[in-house]
């Protein structure tokens, strides 16, 4: 018996080719999306560094996440999600894979961000730098997260001071740097909605963020009882994007509120909507600097000196003239109040109704929802 093939009905080979024709672009698109959306999840309680790193099989440490990121040369963005809990850093977490761009970034972030529904301070991942100290200028230093690449975002994390003594002897200190960037040509490091909390006596935090290079942006961060919140350090004298400090609260910092160097040119520095209170010196500049700066829509309150000079880790914040600083809508009198009740959503931030509440400085980018009892969430 002979069967005739209808010329209008595709045969098996034609059907196969049609399916390939349809699926090939789809598979290519899926593969591109997968490359552009590398994700790793880290959970110190349930994770294991032998896991895949997917949400249901998280890694245990940030160090392992960094190792995998540095090995993956596929083009595209990377996001490392940190769960709530204590993330102990026992060796410097260095990122060296320079494949990132302005759009395809390396992001290290909390699973739940301060503006998300149901967020409370206890859900913030706590990053503890317990790195063995290494020799540095004027003593020893411990570096936590060190992104030696451009186009990096760090967001929604809480950083503590070092569980060690700061004092070594009359000429040397031990220093904790939770976030450090060394490269003088690097650009675009955004630190946003992060909390840095130290204690001068038992948990010293020398500098929350210290970065060479360009484009260091401090946005909606809180620095509580650190020695210095942020140091805009050196660059190679070339060109790069502007550095910024905005909508941030600095409280109780016992050396400076902000530190700039001769490399931090005033025309390349944007400083606005910040509160610096209960600190020794509001603005410390590198000794010998003649650069001028602008500050707008800020509050400087309960300080000892408005401006001073400094040379480095062991320097004094020597009183200097303030003629370098052009201030617009800056209040220099009054006191701010900090919320100390841990059941409040704004714990370690401005208390409700405090001076400066209109500036919107602090962790929240959206309107604050006042919650007194997190158990009702």
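The values are calculated or read from the model by the stated rules, or taken from the named source; none is laboratory data. Bear in mind that the values here come from a model prediction, so they are computed numbers and not experimental data. Cβ placement follows ideal geometry from the backbone for every residue including glycine, while neighbour counts extend to all protein chains displayed.
Mind checking whether some residue in the stretch 256-268 is in contact (Cβ under 8 Å) with a residue 60 or more places away in the chain and crowded, with 24+ Cβ neighbours inside 10 Å? Checked against the condition, which is being in contact (Cβ under 8 Å) with a residue 60 or more places away in the chain and crowded, with 24+ Cβ neighbours inside 10 Å, the stretch 256-268 yields at least one hit. Inside the stretch 134-177, residues that are part of a strand (DSSP E or B) and in contact (Cβ under 8 Å) with a residue 12 or more places away in the chain make up a count of 24.
Among the residues of the stretch 117-129, those that are under 18 Å from the mean Cα position of the chain (by Cα) and not in a helix (DSSP H, G or I) comprise 124, 125, 126, 127, 128, 129. Taking the criterion of being farther than 15 Å from residue 127 by Cβ, out of contact with any helix residue (DSSP H, G or I) (no Cβ under 8 Å at 6 or more places or on another chain) and modelled with pLDDT of 95 or more, the residues of the stretch 65-85 that qualify are 67, 68, 69, 70, 71, 72, 77, 79.
Screening residue 38 against (1) over 18 Å from residue 99 (Cα atoms); (2) modelled with pLDDT under 95; (3) crowded, with 18+ Cβ neighbours inside 10 Å leaves a single unmet condition, (1). Of all the listed residues (297, 270), the sole one being in contact with a helix residue (DSSP H, G or I) (Cβ under 7 Å, 6 or more places away or on another chain), assigned to a strand (DSSP E or B) and over 29 Å from residue 199 (Cβ atoms) is 297.
With respect to residue 241, determine if the residue is at pLDDT 95 or above, surrounded by fewer than 24 Cβ atoms within 10 Å (Cβ to Cβ) and either at negative phi or in contact with a helix residue (DSSP H, G or I) (Cβ under 6 Å, 6 or more places away or on another chain) (or both). Judged against the criteria, residue 241 is a match.
Every listed requirement among (1) more than 30 Å from residue 173 (Cβ to Cβ); (2) without any contact (Cβ under 8 Å) to a residue 40 or more places away in the chain is met by residue 105 save one, (2).
Here residue 200 fulfils each of the conditions (1) over 12 Å from the mean Cα position of the chain (by Cα); (2) within 24 Å of residue 274 (Cβ to Cβ); (3) modelled with pLDDT of 95 or more apart from (3). Contact map, the stretch 78-95: residues that are under 15 Å from residue 40 (Cα atoms) paired with residues that are modelled with pLDDT under 95 and assigned to a strand (DSSP E or B), Cβ distance under 6 Å, separation 6+ or inter-chain. Pairs shown: 78/38.
Considering only residues in the stretch 140-163 that are buried (at least 19 other Cβ atoms within 10 Å of the Cβ) and over 22 Å from residue 67 (Cβ atoms), the one that is modelled with the lowest pLDDT turns out to be 162. Of everything listed in (1) closer than 26 Å to residue 168 by Cα; (2) outside any loop (DSSP other than H, G, I, E, B), the single unmet condition for residue 307 is (1). In this structure, residue 288 qualifies as under 30 Å from residue 169 (Cα atoms), in a loop (DSSP other than H, G, I, E, B), at pLDDT below 95 and over 26 Å from the mean Cα position of the chain (by Cα). For the stretch 331-357, the set of residues classified as more than 24 Å from the chain's Cα centre (by Cα) and either buried (at least 17 other Cβ atoms within 10 Å of the Cβ) or not in a strand (DSSP E or B) (or both) consists of 332, 333, 334, 335, 336, 337, 341, 343, 352, 353, 354, 355, listed by residue number.
Among the residues of the stretch 114-133 satisfying the criterion of being out of contact with any strand residue (DSSP E or B) (no Cβ under 8 Å at 6 or more places or on another chain) and without any contact (Cβ under 8 Å) to a residue 40 or more places away in the chain, which is farthest from residue 60 (Cα to Cα)? Residue satisfying both the conditions and the ranking: 117. A single entry from 210, 218 fulfils the requirement of being part of a strand (DSSP E or B) and either out of contact with any strand residue (DSSP E or B) (no Cβ under 7 Å at 6 or more places or on another chain) or surrounded by fewer than 24 Cβ atoms within 10 Å (Cβ to Cβ) (or both): 210.
The single condition from (1) in contact (Cβ under 8 Å) with a residue 60 or more places away in the chain; (2) in a loop (DSSP other than H, G, I, E, B); (3) within 23 Å of the chain's Cα centre (by Cα) that residue 236 fails is (1).
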